[in-house]
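Working notes, beginning with the structure itself.
The values are calculated or read from the model by the stated rules, or taken from the named source; none is laboratory data. Being a predicted model, the structure only gives us computed values, none of them experimental. Please note: Cβ atoms are built from the backbone with ideal geometry, for glycine as well, and neighbour counts cover all protein chains shown.
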């Protein structure tokens with residue numbers, strides 16, 4: 001788990017969320033899953049999926065590391081109780 005704090009400001013995925021589905025095998029594939037209020041979309045094009053993969057990598061760079069994220073989540077939880 002990684003948390004992207006508000007202090008990082010605007011980022012590439014502010015307008016939509018997405019999930020990357022990676023399938024191993026002889027021809028490993030990456031599928032992007034998008035969902036909104038009225039529809040869902042699977043992007044299977046390698047070229048389009050690549051852009052989402054780059055966005056995911058950038059979000060991972062901006063986010064806190066796993067240990068820092070867990071510590072922040074615990075801190076927030078303790079402040080709520």
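Tell me, please, whether a residue that is within 27 Å of residue 72 (Cβ to Cβ) and assigned to a loop (DSSP other than H, G, I, E, B) can be found in region 18-27.
Within region 18-27, one or more residues are within 27 Å of residue 72 (Cβ to Cβ) and assigned to a loop (DSSP other than H, G, I, E, B).
Out of 73, 47, 13, report the one residue that is outside any loop (DSSP other than H, G, I, E, B) and touching a residue at least 12 places away in the same chain (Cβ under 8 Å). Step through it out loud before you land on a result.
On the way: 47 fails: touching a residue at least 12 places away in the same chain (Cβ under 8 Å); 13 fails: outside any loop (DSSP other than H, G, I, E, B).
Just one listed residue meets the conditions, 73.
Among (1) farther than 22 Å from residue 2 by Cβ; (2) touching a strand residue (DSSP E or B) at 6+ places or on another chain (Cβ under 8 Å), which single condition is residue 27 missing?
(2)
Count, please, the residues in region 10-45 that happen to be more than 11 Å from the chain's Cα centre (by Cα), loosely packed, with under 10 Cβ neighbours inside 10 Å and modelled with pLDDT under 90.
10
If you take the residues of region 56-67 that are touching a residue at least 24 places away in the same chain (Cβ under 8 Å) and assigned to a helix (DSSP H, G or I), which of them is farthest from the chain's Cα centre (by Cα)? Let's see the steps before the verdict.
In the first step, residues of region 56-67 are kept if they are touching a residue at least 24 places away in the same chain (Cβ under 8 Å); the result is 56, 58-60, 62-66.
Keeping just the survivors that are assigned to a helix (DSSP H, G or I) gives 56, 58-60, 62, 66.
On the way: 56: 5, 58: 9, 59: 7, 60: 8, 62: 11, 66: 14 Å.
Residue satisfying both the conditions and the ranking: 66.
So, residue 66, is that one at negative phi and in contact with a helix residue (DSSP H, G or I) (Cβ under 9 Å, 6 or more places away or on another chain) or not? Before the answer, list the steps.
Numbers: at negative phi: yes; in contact with a helix residue (DSSP H, G or I) (Cβ under 9 Å, 6 or more places away or on another chain): no.
It is false that residue 66 is at negative phi and in contact with a helix residue (DSSP H, G or I) (Cβ under 9 Å, 6 or more places away or on another chain).
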